[in-house]
1. Conditions first: (1) surrounded by fewer than 18 Cβ atoms within 10 Å (Cβ to Cβ); (2) modelled with pLDDT under 95. R217 passes all but one, so which condition is the exception?
2. Quick one: is Y149 surrounded by fewer than 17 Cβ atoms within 10 Å (Cβ to Cβ) and at negative phi?
3. Within region 63-72, identify whether any single residue is modelled with pLDDT of 95 or more, over 22 Å from the mean Cα position of the chain (by Cα) and not small (G, A, S), and answer yes or no.
4. In this structure, does I292 turn out to be within 24 Å of the chain's Cα centre (by Cα) and modelled with pLDDT of 95 or more?
5. Go through D165, D120 for me and flag whichever is among the charged types (D, E, K, R), surrounded by 13 or more Cβ atoms within 10 Å (Cβ to Cβ) and at negative phi.
6. Inside region 9-24, can you point out the residues that are surrounded by fewer than 13 Cβ atoms within 10 Å (Cβ to Cβ) and either of a type in the set (D, E) or not in a loop (DSSP other than H, G, I, E, B) (or both)?
7. Suppose the filter is in contact with a strand residue (DSSP E or B) (Cβ under 7 Å, 6 or more places away or on another chain) and surrounded by fewer than 19 Cβ atoms within 10 Å (Cβ to Cβ); does W55 pass it?
8. For region 103-121, which residues satisfy the criterion of being free of Cβ contacts under 8 Å to residues at least 60 places away in the same chain and of a type outside the set (A, V, I, L, M)?
Amino acid sequence: MKIDSQIERLLDESQNAHRCAVTTDVNLRRKLRRRCESGELTMPYPQLFARKETWDALNPREKKRHVILALAMVRPDWIFCAQSAACLYGIEQSYQIHDNPMIHIASTHESGIYRARRSDAVMHRVYTPNPQYNVINGAKVTTLPCTIYQCALVLPFEQILPLADSAVRSGMALDDLRQFPVHSATEALAIGNVLEYTDPRSENGGETLARSRFIERGLMIPQLQKEFPNPQNPEYPFRVDFIWILPDGRMIVAEYDGMTKYGNDRKTIANRVHREKLRDEALRQHGVTAIIHFDYEDLLNPNELIAKLVAAGVPYRR
């Protein structure tokens with residue numbers, strides 16, 4: 001088979017497997033590097049290749065996944081851990097976690113960061129005594145509790161909480177985090193926050209991010225997914241994302257509307273606004289005193305949202 005045909009077959013197979021192309025054939029690697037120089041291919045990690053057009057269309061998590069699955073073929077002895085292991089688990093996570101070139105490998109000896117000489121690639125060996133692992137798509141990854149524990153030690157609260165919520169929703173026992181050691185007050189606080197605030201009732205990463213904002217800003221912790229009767233359709237009660245029930249009887253609701261709140265079609269917008277209005281009126285008939293709608297953009301700059309909630313009567317924690 002001609003070299004060019006071999007290259008196309010290699011690229012097709014890797015693309016279909018959602019990983020970068022990798023080969024031990026010196027001649028093929030030389031040809032692949034030449035295609036990188038011409039701009040047809042890209043080399044996101046040393047000796048790993050992908051079609052540039054395909055690569056550029058991937059989100060940060062997909063890119064990291066492509067690299068990890070290719071590295072697993074080259075180094076089947078590696079156990080991916082921390083954020084790299086999280087990448088392969090089917091749990092919700094922020095793209096920000098993977099918007100960097102770092103790969104995390106479990107090490108039974110020591111921790112350390114190693115940078116490639118001629119690329120942006122970075123390897124972080126994370127000290128992991130007696131690592132237990134699962135195999136996902138051919139790659140060894142630390143168990144889900146170990147993965148969440150390691151992520152909790154390094155990620156900001158707004159990024160670890162969606163991981164933890166989703167992990168518990170998928171079946172992980174939160175108490176499994178208690179088996180891992182903490183070596184400082186900072187680590188104890190990080191793990192303690194995960195144990196205290198993780199709540200699988202948040203149905204998606206956006207709702208969890210919102211909750212992290214409320215917690216970080218010191219607001220009273222809301223109840224989640226409270227249901228109200230729906231007289232028009234009793235089998236489908238109204239369920240609100242967040243509700244604060246105050247001692248004086250007031251009920252304040254906050255609803256997360258996601259990134260695509262209305263879309264662009266005028267008819268769709270009108271229908272959505274009408275349904276939202278009817279739902280809000282029904283909730284008020286059940287005694288809800290204030291309803292605040294917000295979307296993902298509000299969570300990126302939450303000052304205004306927090307101000308609205310406080311103005312509506314949501315108290316700060318004491």
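1. In the conditions (1) surrounded by fewer than 18 Cβ atoms within 10 Å (Cβ to Cβ); (2) modelled with pLDDT under 95, R217 misses (2) alone.
2. On the way: surrounded by fewer than 17 Cβ atoms within 10 Å (Cβ to Cβ): no; at negative phi: yes.
Here the answer is no, as Y149 does not meet what is asked.
3. Scanning region 63-72 turns up no residue that is modelled with pLDDT of 95 or more, over 22 Å from the mean Cα position of the chain (by Cα) and not small (G, A, S).
4. Details: within 24 Å of the chain's Cα centre (by Cα): no; modelled with pLDDT of 95 or more: yes.
For I292, the condition - within 24 Å of the chain's Cα centre (by Cα) and modelled with pLDDT of 95 or more - is not met.
5. On the way: D120 fails: surrounded by 13 or more Cβ atoms within 10 Å (Cβ to Cβ).
D165 is the lone residue from the list that is among the charged types (D, E, K, R), surrounded by 13 or more Cβ atoms within 10 Å (Cβ to Cβ) and at negative phi.
6. Passing the criteria: R9, D12, E13, N16.
7. Numbers: in contact with a strand residue (DSSP E or B) (Cβ under 7 Å, 6 or more places away or on another chain): yes; surrounded by fewer than 19 Cβ atoms within 10 Å (Cβ to Cβ): yes.
Criteria met by W55.
8. So in region 103-121, the residues free of Cβ contacts under 8 Å to residues at least 60 places away in the same chain come out as 103-115, 117, 120.
Within region 103-121, H104, S107, T108, H109, E110, S111, G112, Y114, R115, R117, D120 meet the criteria.
The values are calculated or read from the model by the stated rules, or taken from the named source; none is laboratory data. All figures in this text were calculated on a predicted structure; none of them were measured in a lab. Positions of Cβ are generated from backbone atoms using ideal geometry, with glycine treated the same way; all protein chains shown enter the neighbour counts.
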